[in-house]
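Written out below as structure tokens is the structure these notes cover.
The numbers here are math on the coordinates, done by the rules we state, and not lab data. This is a predicted model, so every value here is computed, not measured.
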Amino acid sequence: MKRRSFLHLGAKAAVGFIVAQAAPAWALSRITGQNRPRTLSFYHTHTHERLDITYANAGIYDPVALKKINTYLRDFRTSKIHSIDPTLLDILWAMQQEMRCNSTYEVISGYRSPETNNTLRSRSRGVAKRSLHMKGMAVDIRLSGQKTRLVRDCAVALKSGGVGYYADSDFVHIDTGKVRTW
């Protein structure tokens, strides 16, 4: 194969890879829309705190709202705060649009500090060493009034990140990492 052909083939492969990686974002943008306010309601199962918040309007994230969400989804064990990936919020909002509901998200776990993650790992094999919770890219939830398996099915159908289903504990893990399920 000539050098020029090889380089051309490599460029095509790179473009194909980039398009394949962007596909889940296209699926999510179909739902999120640019002009509608994006509002979420949360109830934290450990702190018993509630939060009803519009985090984006006309396609623009509200920095004050995002800061409140960062605090709300803090590591409740250590009170450490970390930035939450706004795409995670968009996934939650898109799930509600797909399910045609505006129920409250029951939060089991948002951000986790490395210390908390290590403690949880020492107690359970189900906690990832490099958990995306430690990067503000994951949340464990239920959706009030909805069967957890249906919440899982909706998240999987969006193809916007990782989805873990924990039937025995009755929650769904959602993250903004690679599209995968467990």
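Around the amide H of Phe171, modelled in the peptide plane, lie the amide H atoms of Tyr166, all under 5 Å away and 5 or more residues distant in sequence or on another chain. Using the Karplus relation 6.51 cos²θ - 1.76 cosθ + 1.60 with θ = phi - 60°, the per-residue 3J(HN,Hα) values for the stretch 138-147 come to 8, 8, 9, 9, 10, 10, 3, x, 10, 5 Hz, with x marking Gly and Pro. In order along the stretch 50-64, phi translates into HN-Hα couplings of 10, 8, 10, 8, 9, 9, 8, 8, 6, x, 10, 6, 8, x, 5 Hz, rounded to whole numbers, per the Karplus curve 6.51 cos²θ - 1.76 cosθ + 1.60 with θ = phi - 60° and x for Gly and Pro. Spatially, the stretch 141-156 and the stretch 69-136 are offset by 16 Å when compared through their Cα centroids.
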